[in-house]
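A quick write-up on the structure given underneath.
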């Protein structure tokens, strides 16, 4: 997605060989027009999937998820992150390990909002080690719903999350795939046009 | 705002005399079409204010804020909530006390995204004791920016946040004002048409 790649090149900050900061348009400040274009692109890519609900995770997944859902005329559910959960009877929960912060969080979704008739598109801002996506997939499975795929704004292809998910047969659509952040430089993966 | 009030009556759950749960369209599941209508209404109410940026707070403020910002063609910044902050040099920070949870959190906004030329509309999902709004106003003040007003989706008028803010001369526009939740019943405040 050219607009997104241009934005990453112009406004992204490479903090290290593995960390790209996009606080100016996605993770802290949000560019709503870019989010709308991102939503349109996800709708285009998953147009035949008869999606009934978008599942994302707070906080940075919410804006792209809401724009996608608006276009599709369906609802979004965002999973909540909490350190520990006391009342879990009415919740689907999964553990998500963050390698960056070396901490494991519980994520949860109320059982009221996902069921076995749902065809769910998972949307998230970043894909790195894939832990958040795996947690969301786990929740979809607990609900006996179907995950039609995962829409990612920025995939760090040099980390293994994308491979783990695709090896499971999950359809992953990433709007920008970053091959390398070496030498302070963003290099995108070449897109294979079928 | 009639659509919102109808949604509250149909789908809101009164948990006690002071707690209204709107997890089905605002705080956990999100109805994007309602968010769009909410955004349109905020734009209408603040149309003469030459707003340059929307400031909100994660997570439930993000969806209405992004829809408002999309219509205005400007960016959103969401304040982050954290337990404690180590690096604060490049951040505006404020303390926000939650009476419900009896805990004080730091909220923060990067100095990169607000400055003295900004005319800021603050948007949040709920107004109860006003602590989050006061924290956001504090951050706007630290940035030497101007707060043109506060747009609230649901105000609990029986709590004192609205009064505290209006007594300070802040313009507060709440799309639904709840006078009482007694006896499991939502009663809206009567709107005064000027």
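The values are calculated or read from the model by the stated rules, or taken from the named source; none is laboratory data. The shown structure was predicted, so the numbers you read here are calculated from the model rather than taken from an experiment. Heads up, the Cβs are rebuilt from the backbone with ideal geometry, glycines too, and the neighbour counts pull from every protein chain shown.
Starting from residues that are touching a residue at least 12 places away in the same chain (Cβ under 8 Å), in a helix (DSSP H, G or I) and surrounded by 15 or more Cβ atoms within 10 Å (Cβ to Cβ), keep the ones in the range B:4-23 and report whichever is nearest to the other protein chains (Cβ to nearest Cβ).
Residues of the range B:4-23 that are touching a residue at least 12 places away in the same chain (Cβ under 8 Å), as a first pass: B:4-5, B:7-9, B:11-12, B:14, B:16-20, B:22.
Still in the list and also in a helix (DSSP H, G or I): B:4-5, B:7-9, B:11.
Then keep just the ones that are surrounded by 15 or more Cβ atoms within 10 Å (Cβ to Cβ); that gives B:4-5, B:7-8, B:11.
Details: B:4: 16, B:5: 19, B:7: 12, B:8: 16, B:11: 11 Å.
Result: B:11.
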With respect to residue B:140, determine if the residue is modelled with pLDDT of 95 or more, closer than 29 Å to residue B:90 by Cβ and assigned to a helix (DSSP H, G or I).
yes
So which residues in the range A:144-157 are touching a strand residue (DSSP E or B) at 6+ places or on another chain (Cβ under 6 Å) and over 21 Å from residue A:67 (Cβ atoms), if there are any at all?
A:145, A:146, A:156, A:157
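From B:76, B:103, grab the single residue that is closer than 20 Å to residue B:27 by Cα and free of Cβ contacts under 8 Å to residues at least 12 places away in the same chain. Quick ask: steps written out before the conclusion?
Numbers: B:76 fails: free of Cβ contacts under 8 Å to residues at least 12 places away in the same chain.
The unique qualifying residue is B:103.
Rundown of residues vs (1) more than 12 Å from every other protein chain (Cβ to nearest Cβ); (2) in contact with a strand residue (DSSP E or B) (Cβ under 7 Å, 6 or more places away or on another chain); (3) at negative phi, yes/no style:
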site: A:37; (1), (2), (3): no, no, yes
site: A:46; (1), (2), (3): yes, yes, yes
site: A:63; (1), (2), (3): no, yes, yes
site: A:67; (1), (2), (3): no, no, yes
site: A:72; (1), (2), (3): no, no, yes
site: A:81; (1), (2), (3): no, yes, yes
site: A:91; (1), (2), (3): no, yes, yes
site: A:97; (1), (2), (3): yes, yes, yes
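Against the definition (away from chain A (no Cβ under 12 Å), outside any loop (DSSP other than H, G, I, E, B) and under 22 Å from residue A:81 (Cα atoms)), how does residue B:132 come out, yes or no?
Details: away from chain A (no Cβ under 12 Å): yes; outside any loop (DSSP other than H, G, I, E, B): yes; under 22 Å from residue A:81 (Cα atoms): yes.
Yes.
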Tell me, please, whether a residue that is more than 11 Å from residue A:80 (Cα to Cα), part of a strand (DSSP E or B), at pLDDT below 95 and more than 11 Å from the chain's Cα centre (by Cα) can be found in the range A:117-128.
no
Strands (runs of 3 or more DSSP E) completely within the range B:50-116 that count 2 or more residues being modelled with pLDDT under 95 and under 17 Å from residue B:138 (Cα atoms)
B:75-82, B:91-98, B:103-110
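Search the range A:24-46 for residues being part of a helix (DSSP H, G or I) and more than 16 Å from the chain's Cα centre (by Cα), and hand back the single one that is nearest to residue B:110 (Cα to Cα).
Filtering the range A:24-46 down to residues part of a helix (DSSP H, G or I) leaves A:24-27, A:32-45.
After this cut, where a residue has to be more than 16 Å from the chain's Cα centre (by Cα) as well, the list is A:24, A:32-33, A:44.
Values: A:24: 10, A:32: 18, A:33: 21, A:44: 34 Å.
So, considering only residues that are part of a helix (DSSP H, G or I) and more than 16 Å from the chain's Cα centre (by Cα), the one nearest to residue B:110 (Cα to Cα) is A:24.
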